[in-house]
Amino acid sequence: MPRTSCRSLPPAPACSSRTARPTSCPWATATRFRSARRLHVRLVRRSLSRGIYWGWDLHPAQLPSRFVATYAFYREGLPTAAARLRAYVHGGDSGYLDEPATAAALAGFVLRGLECGAVTPAEIDELIKVEVADLARLAKRPTPA
């Protein structure tokens, strides 16, 4: 399937409906809807992987794809970050030479996953063997209440 961007799509006729479902407008076919959603997920994932954690969406229909991309990003990165943090905190070998700044960044990654709902406190305790408050201190953040 060839890649397509929003610019390569022909202009859509005006639609009187305010809903974002693909069946609400005759021009919004399911194929175009899925293509736009895949594009948005790819762009959100790219931003997250480059360290740009904030974002804005121009339409409420973009929120589900942003949620899916953010959730998947933190779920997929959790095992590696947890293994490295556990090795750093408990003195094991992760295969990396992690220093305090790297540990703080990894702790921040795990905390952002917790804040967006992709990670639970029980998972953090199970994978890293560290309480959330200790993780926040490691990330140099205020301790959660």
Could you tell me what % of all Cα pairs in region 59-145 have separations over 21 Å? 29
Might you work out the accessible area of Y96 for me, using a 1.4 Å probe with all protein chains in place, and round it to the nearest 10 Å²? 130
Sorting I124, I52 on solvent-accessible surface, 1.4 Å probe, most exposed first, gives I52, I124
Contact order relative to length for region 44-125, counting C-alpha pairs under 8 Å separated by 6 or more residues, stands in percent at 31
When Lys and Arg each count +1 and Asp and Glu each count -1, what net charge do the other residues less than 9 Å away from A87, Cβ to Cβ, add up to? 0
Could you give the accessible area per residue of region 44-104, probe 1.4 Å, as a whole number in Å²? 66
Using a 1.4 Å probe on the protein heavy atoms only, what accessible surface does E99 show? Give it in Å² to the nearest 10. 100
What order do V119, V89 take when sorted by accessible area (1.4 Å probe), most exposed first? V89, V119
For L58, L85, L114, give me the order by solvent-accessible area with a 1.4 Å probe, most accessible first, ignoring ligands, DNA and RNA. L58, L114, L85
Positive-end residue of T120, V110, A139, charge dipole of region 103-145 with Cβ unit charges: A139
What is the sum of charges, Lys and Arg at +1 and Asp and Glu at -1, for the other residues whose Cβ falls under 12 Å from the Cβ of T31? +4
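The values are calculated or read from the model by the stated rules, or taken from the named source; none is laboratory data. Just so you know, these numbers come straight off a predicted model, no measurement behind them. Cβ sites come from the backbone with ideal geometry, for glycine too, and all protein chains shown count toward neighbours. Protein only, heavy atoms only, side chains kept; ligands, DNA and RNA dropped before computing areas. Shrake-Rupley method; radii C 1.70, N 1.55, O 1.52, S 1.80 Å.
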